[in-house]
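Undergrad: Structure below; questions to follow.
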Amino acid sequence: PDWLKPCWSRAPGRQSTVRPSEPVRVHRASMLLATWPAALGGLLWSIGVLGRRLGIEGAPARDRLVRSTCTALVYSCASALVPVLGLATLDRSLLLEQASDAQWLARVPVIAVCGLISGLGGLLGTMALAMSAGSDSALMSIAENSIYAVSSAVLVAVFFGERPGAMQYVSAATLLLGLVSAHSAAHDTGMAPELYMQLEKRDPGLEADRDCTATDATTDLPSVDDLADAESLDSCKQTPPQPSGGRALEMAILAGLCWGFGPVGKKYGVAAAPEHLRQAWTVTTCLVYMVCTLLVPLGRLLITDSASRTKVFNDKPFHFLLAGTAVCGIVGGLGSLVSTLALALAPGSSALISVVENGVETVGAALLIMCVFREVPTKRQLGGAAVVFLGVLLASAS
């Protein structure tokens with residue numbers, strides 16, 4: 001379409017007299033201008049990932065689904081506050097002009113669909129972090145965000161007719177190699193929570209007796225130092241967690257694939273924005289997108305068992321964790337707004353900008369989770385993460 005072409009190729013009514021070297025200089029200048037917001041957006045996003053990990057900290061196995069859903073919903077709502085505040089600062093005349101622009105209004109359904117798909121990815125990604133919390137959530141963050149980096153670049157390139165370079169193909173292959181290594185490491189470790197590992201050491205028969213309940217137990221379970229009371233011990237005995245490394249990684253990969261539609265929707269909403277309406281298009285596109293992302297966890301929460309919801313809602317320590325998630329969500333929402341602006345500033349190179357954003361987020365989120373939650377990955381997991389980082393660097397260098 002004409003509105004997707006670079007500005008120097010659209011000279012209505014006459015042939016362009018611009019020298020061949022001038023578009024190159026314009027393109028390089030626009031890329032330099034967009035790279036810094038892209039890196040900043042990725043850094044702010046990494047704090048958002050930390051907030052999602054914080055919300056599911058210490059979640060019992062049978063409460064993981066409800067807690068993950070609540071965490072994803074609170075994060076999405078907090079993130080949506082940023083474009084709402086941005087909307088309040090815009091000139092009303094500009095908003096009225098945009099509201100009467102049929103070209104932008106026709107893009108809203110595409111932005112909304114991409115937001116819904118990305119919202120599903122947010123829920124799956126939070127569940128993957130919950131299933132691996134305590135040992136490998138940093139690895140899950142690397143997995144989902146690296147897949148996000150590749151899928152978003154591919155989708156943007158296909159949707160907007162951009163041609164990836166040879167280095168980007170090498171980068172994609174490197175990322176897949178790192179994920180295969182991480183997947184095999186996840187199956188080897190089993191990713192069993194530390195509490196269950198302690199219980200298994202104290203009671204070797206616990207592994208074989210997965211269907212035991214509190215009423216049919218014939219012997220007392222030995223005490224565990226990390227348990228606060230007998231009720232928590234009884235809960236662990238009734239529902240011992242299953243090794244979930246493979247399933248968690250599969251959810252992380254699906255989350256990354258769903259998130260890949262996010263940059264497509266945001267880029268579609270701001271492509272070829274008029275200079276005086278660029279800020280208005282950026283804020284409103286981000287608002288429509290982020291409101292749609294919260295609909296998926298909201299719907300999932302509404303169909304959840306009421307008893308499970310009540311139990312989680314009455315958990316006061318979980319309230320404090322959600323407060324931290326909300327703060328990180330606001331920071332992540334600011335990152336989404338900045339990243340949308342970066343896409344608006346980079347005509348013809350949106351795929352590369354998306355890779356830069358997601359590459360910074362991948363590294364930053366993993367480091368933050370490791371530092372805050374003191375997770376120590378195995379050597380094989382570190383090797384897989386190193387290969388993934390190499391793939392991100394190759395994509396950024398292309």
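Undergrad: How high is the FRET efficiency between residue 102 and residue 298 when r is their beta carbon distance and R₀ equals 30 Å, given to the nearest 0.05? Can you show the working numbers first?
TA: On the way: r = 30 Å, r/R0 = 1.01.
E(calc), rounded to 0.05, equals 0.50.
Undergrad: Here's something else I'd like to know. Protein chains only, probe 1.4 Å: how do 247, 62, 300 rank by accessible area, largest first? Intermediate results must be reported in sequence, preceding the final value.
TA: Details: 247 145, 62 115, 300 70 Å².
Ranking 247, 62, 300 by accessible area, largest first, yields 247, 62, 300.
Undergrad: What order, most packed first, do the peptides 321-328, 282-289 have when packing is the mean number of other Cβ atoms within 10 Å of each residue?
TA: Details: 321-328: 20.0, 282-289: 25.1.
Result, highest mean first: 282-289, 321-328.
Undergrad: Once the whole set of protein chains is in place, how much accessible area is left on residue 304, using a 1.4 Å probe, in Å² to the nearest 10?
TA: Residue 304 exposes around 20 Å² with every protein chain in place.
Undergrad: Take peptides 91-100, 271-280 and line them up by average Cβ neighbours within 10 Å, highest first, as a rough protection proxy.
TA: On the way: 91-100: 12.3, 271-280: 15.7.
Descending mean neighbour count gives 271-280, 91-100.
Undergrad: Between residue 307 and residue 323, what is the label-to-label distance in nm when each label sits 7 Å out along the Cα-to-Cβ direction?
TA: 3.1
Undergrad: I need the shape label for the stretch 302-382. Rule: rounded when a/c is under 1.5, else prolate if a/b > b/c, else oblate, with a, b, c from the alpha carbon gyration tensor.
TA: Working: a/c = 2.56, a/b = 1.50, b/c = 1.70.
Taking the square roots of the gyration eigenvalues as a ≥ b ≥ c, the stretch 302-382 is oblate.
Undergrad: What full-extension length gain, to one decimal in nm, is calculated for residue 372 and residue 250 as 0.36 nm per residue of separation minus the Cα-Cα distance?
TA: Values: separation 122, 0.36 × 122 = 43.92 nm, distance 2.46 nm.
So the chain would gain 41.5 nm between residue 372 and residue 250.
Undergrad: What percentage of the solvent-accessible surface of the stretch 291-373, computed with a 1.4 Å probe over protein heavy atoms, is contributed by carbon and sulfur atoms?
TA: On the way: 2550 of 3340 Å².
C and S atoms contribute 76 percent here.
Undergrad: To the nearest 10 Å², what's residue 370's accessible area with a 1.4 Å probe?
TA: 50
Undergrad: Would you rank 331, 49 by solvent-accessible area, highest first, keeping every protein chain in place and using a 1.4 Å probe? Display every interim value, and only then the final one.
TA: Working: 331 40, 49 5 Å².
Per-residue accessible area, sorted high to low, gives 331, 49.
Undergrad: Keeping every protein chain in place, order 126, 174 by accessible area at 1.4 Å, biggest value first, i.e. largest first. Write out the running numbers ahead of the final one.
TA: Numbers: 126 0, 174 20 Å².
Reading off the accessible areas and sorting them downward yields 174, 126.
The values are calculated or read from the model by the stated rules, or taken from the named source; none is laboratory data. Just so it is clear, the model here is predicted, and its values are computed rather than measured. A quick note on method: Cβ atoms are made from the backbone with ideal geometry, for glycine too, and the neighbour counts reach across all protein chains shown. Quick note on the areas: whole protein, heavy atoms, side chains included, nothing else; ligands and nucleic acids left out. Shrake-Rupley method; radii C 1.70, N 1.55, O 1.52, S 1.80 Å.
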